[in-house]
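Data first, discussion second: the structure below is written as structure tokens.
The values are calculated or read from the model by the stated rules, or taken from the named source; none is laboratory data. All values derive from a computational prediction rather than experimental measurement. Don't worry about glycine lacking a Cβ; one is built from the backbone with ideal geometry, like all the others, and counts go over all protein chains shown.
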Amino acid sequence: MKTPISIRHAEPADADAIVRILGETYEATWKPELSAEAIARFESSAHTVAYVRERLPYLRVACIDGEVVGLVDWRDDFIDALHVSPVNQHLGVGAALLRHAEAAIAAAGHADVRLETDTFNQQARSFYRRHGYLELDFYPDEEWQSGFTTVLLGKPLSGR
């Protein structure tokens, strides 16, 4: 049986759940790949809490049985973040969030959608390929200052 997933605007009461999900995906995906210096830099910053505080009015959250299990954030034609709690991955949450963002981006008049991930993140790269994204460019990842290479992905939204 397919798990019912609802998507809605994030509310102030969702902030702790969003911070938790971002922490879980950091621990599971990025931390194992980061240098000790990058880990120390990131973990001593308040980046995640500041990001959630700044972007909360724009975030959409995915819920299963009322529990926040994922989030998506975009600006114009660029998806800045798509995160699903590791325990809720492979249930269609990421696909639902991606479809939601793509529909909103298309409704805003954009012909294409873009996003980034890192080359080491094979799970994300495979997910986006399955959803029609092409890898368009590769360049140094300056966010983590850890020697990563960023992958720019894109997809035309026409003909949806």
**Report entry** Residue that is surrounded by the most Cβ atoms within 10 Å (Cβ to Cβ) [pool: residues in the stretch 106-132 that are among the polar types (S, T, N, Q) and more than 19 Å from Gly92 (Cα to Cα)]
**Finding:** Thr117
Report summary line: Going through (1) basic (Lys, Arg); (2) touching a strand residue (DSSP E or B) at 6+ places or on another chain (Cβ under 7 Å); (3) under 22 Å from Tyr133 (Cα atoms) one by one, Arg75 fails only at (2)
Report summary line: Counting only strands (runs of 3 or more DSSP E) wholly inside the stretch 107-160, the ones holding at least 2 residues that are farther than 19 Å from Val84 by Cβ and either more than 14 Å from the chain's Cα centre (by Cα) or modelled with pLDDT under 95 (or both) are 134-140, 149-156
Query raised in the report: Would it be correct to say that Ala81 is under 15 Å from Tyr26 (Cβ atoms), modelled with pLDDT under 95 and among the hydrophobic types (A, V, I, L, M, F, W, C)?
Result: no
